Amino acid sequence: MSNVQPQRGRKVAAPKRNPLLPFYLGVGAVLLIGAAFLITYVVRSNSSTSQVGELNVPVGQTEDGFWYKGNPDAAVKVIAFEDFQCPACGFFNKNLAPIIMRDYIETGKIQFIYHEFPLDVHEHAVASAEAARCAGDQSKFWQMHDLLFVNQAQWSPLSTVSNVFSGYAGQLGLNRGDFDACMSDGTNRDVVVAAGVAATAAAVQATPTFNVNGQLVESGNLPAAIDAALRAAGQ
């Protein structure tokens, strides 16, 4: 058994106080706050712009109204059941989604379909899904999808998100008046809520969950499941 003990505190004589010390500390604090703000701004700006861009793959909506990207004629269909405020979904979209995009979507091997599953535990789950659909009404669904996930930590803890989402619409070059009206009128709210009900009926219990040609899988098993489905399709 180790006899090492935490070092005990010892009382030491207080050094003579420099009369300019408060001034120096105040200046240092201002500089540190300014530097922290600048770093935060740069990081947020870079993350928002570097991970959101135009798509070079087919995009559109399925017959039942869900947004897709990738080859609509692909033999393998991947349906993503997600919640924009779900941290695990945010992790997937920042880490694994770019690999899925590169290896399977951009190569035309799969059609990737987004299916909303707003969870009751997330205050802004419905509103964020509405924001993506309102952007989709102006042909920018996937750009708003990416922007919401890139900035999830920014808007998720807020009490109100309407102004933030409107700002994202402006960043994407949308008509903000039309976007704001879409949000305030609840144009896509019923569709989002119905999507959640349909996900529950499809035995989806958590986000993110993926349906690969009829098989429900978790995100960690997604690449293997896609590969298996491709082999089964003779590809």
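The values are calculated or read from the model by the stated rules, or taken from the named source; none is laboratory data. Source: prediction; values computed, not measured. Using ideal geometry, Cβ is built from the backbone for each residue, glycine included, and neighbour counts are taken over all protein chains shown. Heavy atoms of the whole protein, side chains included, go into the accessibility calculation; ligands, DNA and RNA do not. Shrake-Rupley method; radii C 1.70, N 1.55, O 1.52, S 1.80 Å.
Quick check on residue 228: is it assigned to a helix (DSSP H, G or I), more than 18 Å from the chain's Cα centre (by Cα) and of a type in the set (A, V, I, L, M)?
Here the answer is yes, as residue 228 does meet what is asked.
What pairs can you find where one residue is in region 159-170 and free of Cβ contacts under 8 Å to residues at least 24 places away in the same chain and of a type in the set (Lys, Arg), the other is assigned to a helix (DSSP H, G or I) and open to solvent by 40 Å² or more (accessible area, probe 1.4 Å), and their Cβ atoms are less than 6 Å apart, with a gap of 6+ or different chains?
Once the first residue is free of Cβ contacts under 8 Å to residues at least 24 places away in the same chain and of a type in the set (Lys, Arg) and sits in region 159-170, no partner that is assigned to a helix (DSSP H, G or I) and open to solvent by 40 Å² or more (accessible area, probe 1.4 Å) comes close enough.
Just name the residue that is farthest from residue 164 (Cα to Cα) out of those in region 180-210 that are open to solvent by less than 70 Å² (accessible area, probe 1.4 Å), among the polar types (S, T, N, Q) and part of a loop (DSSP other than H, G, I, E, B).
It comes out as 207.
From 121, 126, which residue is part of a loop (DSSP other than H, G, I, E, B) and either at pLDDT 95 or above or of a type in the set (Asp, Glu) (or both)?
121
For residue 55, indicate whether it is exposed (fewer than 11 other Cβ atoms within 10 Å of the Cβ), aliphatic (A, V, I, L, M) and at pLDDT below 95.
no
Can you find, within region 144-174, the residue that is surrounded by the fewest Cβ atoms within 10 Å (Cβ to Cβ) among those that are farther than 22 Å from residue 93 by Cβ and out of contact with any helix residue (DSSP H, G or I) (no Cβ under 8 Å at 6 or more places or on another chain)?
Among those that are farther than 22 Å from residue 93 by Cβ and out of contact with any helix residue (DSSP H, G or I) (no Cβ under 8 Å at 6 or more places or on another chain), it is 159.
Which residues, counting only those in region 211-232, are over 16 Å from residue 81 (Cβ atoms) and open to solvent by 50 Å² or more (accessible area, probe 1.4 Å)?
Answer for region 211-232, where residues must be over 16 Å from residue 81 (Cβ atoms) and open to solvent by 50 Å² or more (accessible area, probe 1.4 Å): 224, 227, 231, 232.
Going through region 92-111 one residue at a time, which ones are open to solvent by 10 Å² or more (accessible area, probe 1.4 Å), free of Cβ contacts under 8 Å to residues at least 60 places away in the same chain and either assigned to a helix (DSSP H, G or I) or touching a Gly at 6+ places or on another chain (Cβ under 6 Å) (or both)?
Hits for region 92-111 are 93, 94, 95, 97, 98, 101, 102, 111.
Considering region 75-91 alone, what residues qualify as being open to solvent by 20 Å² or more (accessible area, probe 1.4 Å) and in a loop (DSSP other than H, G, I, E, B)?
To start, the set of residues in region 75-91 that are open to solvent by 20 Å² or more (accessible area, probe 1.4 Å) comprises 75, 77, 79, 87-88, 91.
75 - this is the single residue of region 75-91 that is open to solvent by 20 Å² or more (accessible area, probe 1.4 Å) and in a loop (DSSP other than H, G, I, E, B).
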